[in-house]
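The values are calculated or read from the model by the stated rules, or taken from the named source; none is laboratory data. Remember, predicted model here, so these are calculated numbers, not experimental data. Note: ideal-geometry Cβ built from the backbone for every residue, glycine included; neighbour counts use all protein chains shown.
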Amino acid sequence: MTTAERRADRKLVALDIDGTVIHEDETLSLAVIDAVQRVRDLGHEVTLATGRSWETTHPILEKLEIEPRYVVCANGAMTMRRAEPGEADDHGYVREYIETFDPEPVLARIRSFLPEGRFMVEDAFGYRLYTEGMQDWNLTNAHQVEFAELFGVEATRVVVVSPDHELDDFLALVDEMGLHQVSYAIGWTAWLDIAPEGVNKATALERVRSWLGIELDRVVAVGDGRNDIEMFTWARAAGRPVAMGQAPAEVKDAAGEATGDVEHDGLVTVLDSID
């Protein structure tokens with residue numbers, strides 16, 4: 001049994017990755033690593049809650065040198081559990097809970113608005129299919145296909161990128177699309193992250209919180225993106241949500257508390273306040 005599992009009053013500290021733990025160039029500062037490990041060593045459960053796939057999440061865990069019991073990926077559609085001895089594992093973890101959806105209707109609708117859009121679909125095993133133009137993304141465990149080949153996949157996540165749109169124009173266009181049968185979040189630039197309906201970081205973290213037996217008033221959640229709004233609303237009911245300093249206004253409003261920006265390691269300030 002780990003220190004965190006022995007501490008009766010342990011906190012659940014859920015951290016977004018991009019713009020929270022890591023900088024825009026994907027580097028981690030030593031100050032963040034040290035702060036994360038300090039909180040872990042106090043006996044708290046420090047985990048990651050991210051829109052990333054497991055393929056791009058586990059390297060961050062390894063750099064932080066933490067092994068939380070559960071890790072939330074794909075904006076809540078996939079929850080990984082630390083493997084028990086003898087279990088067949090993927091970098092020390094197994095897929096504990098997965099929620100999928102048929103992406104065909106939403107892909108077809110978005111394509112009608114964005115005929116030049118770039119698309120990626122991730123399945124329940126973390127394998128990704130993508131169309132031409134997604135080369136700026138991490139394409140490990142991925143394969144390029146024609147748009148029609150994205151259909152028929154049980155998806156945990158769909159990513160849509162429209163590099164020709166400014167963010168404000170993209171926001172207006174997404175509103176016009178009327179995406180009602182899925183959950184979605186809009187990124188810093190013109191990209192859209194889509195999950196099964198009613199699934200987000202908050203739904204997954206509530207499940208994790210219950211599995212760990214940690215009360216909601218012992219939750220700390222830190223993030224910076226629009227896909228963190230539901231997580232902040234959930235945590236704010238009794239716990240402590242904190243937005244990074246560079247977060248959009250609506251994200252800061254959802255959190256009710258803000259720290260410094262990622263370039264100045266604002267996460268460290270939050271973690272240093274945990275005892």
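Values computed for the structure shown
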{"item": "Restricting segment 101-121 to residues that are part of a strand (DSSP E or B) and in contact with a Leu (Cβ under 8 Å, 6 or more places away or on another chain), the residue that is farthest from THR79 (Cα to Cα)", "result": "PHE119"}
{"item": "Residue count for segment 130-154, restricted to those that are over 21 Å from ASP18 (Cβ atoms) and either in contact with a His (Cβ under 6 Å, 6 or more places away or on another chain) or at pLDDT below 90 (or both)", "result": "1"}
{"item": "Residues of segment 151-172 classified as touching a helix residue (DSSP H, G or I) at 6+ places or on another chain (Cβ under 8 Å), within 16 Å of PHE125 (Cβ to Cβ) and either of a type in the set (A, V, I, L, M, F, W, C) or part of a helix (DSSP H, G or I) (or both), total", "result": "1"}
{"item": "Given (1) touching a strand residue (DSSP E or B) at 6+ places or on another chain (Cβ under 8 Å); (2) of a type outside the set (Gly, Ala, Ser); (3) modelled with pLDDT of 95 or more, index of the condition GLU206 fails", "result": "(1)"}
{"item": "Residue under evaluation ALA190, criteria (1) under 23 Å from TRP137 (Cα atoms); (2) surrounded by 21 or more Cβ atoms within 10 Å (Cβ to Cβ); (3) outside the structural domain of TYR130 (by TED's automatic domain parsing), criterion not met", "result": "(3)"}
{"item": "Given (1) under 24 Å from LEU167 (Cα atoms); (2) of a type outside the set (Lys, Arg); (3) assigned to a helix (DSSP H, G or I); (4) touching a residue at least 60 places away in the same chain (Cβ under 8 Å), number of the condition GLN246 does not satisfy", "result": "(3)"}
{"item": "Breaking point among (1) buried (at least 22 other Cβ atoms within 10 Å of the Cβ); (2) in contact (Cβ under 8 Å) with a residue 60 or more places away in the chain; (3) closer than 24 Å to THR203 by Cα, for MET80", "result": "(2)"}
{"item": "Filter result (in contact with a helix residue (DSSP H, G or I) (Cβ under 6 Å, 6 or more places away or on another chain), in a helix (DSSP H, G or I) and buried (at least 21 other Cβ atoms within 10 Å of the Cβ)) within segment 252-275", "result": "ALA254, ALA255, LEU267, LEU271"}
{"item": "Test set (1) outside any loop (DSSP other than H, G, I, E, B); (2) crowded, with 17+ Cβ neighbours inside 10 Å; (3) in contact (Cβ under 8 Å) with a residue 40 or more places away in the chain - GLY126 fails condition number", "result": "(1)"}
{"item": "Residues satisfying the stated conditions in segment 28-54, i.e. under 13 Å from LYS11 (Cα atoms), assigned to a helix (DSSP H, G or I) and acidic (Asp, Glu)", "result": "ASP41"}
{"item": "Failed item in (1) surrounded by 15 or more Cβ atoms within 10 Å (Cβ to Cβ); (2) of a type outside the set (Phe, Trp, Tyr); (3) not assigned by TED's automatic domain parsing to the domain that holds LYS11, with ALA243 passing the rest", "result": "(3)"}
{"item": "Failed criterion for THR156 (all others in (1) polar (S, T, N, Q); (2) closer than 25 Å to PRO59 by Cα; (3) free of Cβ contacts under 8 Å to residues at least 40 places away in the same chain hold)", "result": "(3)"}
{"item": "Residue count for segment 83-94, restricted to those that are surrounded by fewer than 17 Cβ atoms within 10 Å (Cβ to Cβ) and in contact (Cβ under 8 Å) with a residue 12 or more places away in the chain", "result": "4"}
{"item": "Counted residues, segment 23-64 - those being touching a residue at least 60 places away in the same chain (Cβ under 8 Å), crowded, with 20+ Cβ neighbours inside 10 Å and not hydroxyl-bearing (Ser, Thr, Tyr)", "result": "9"}
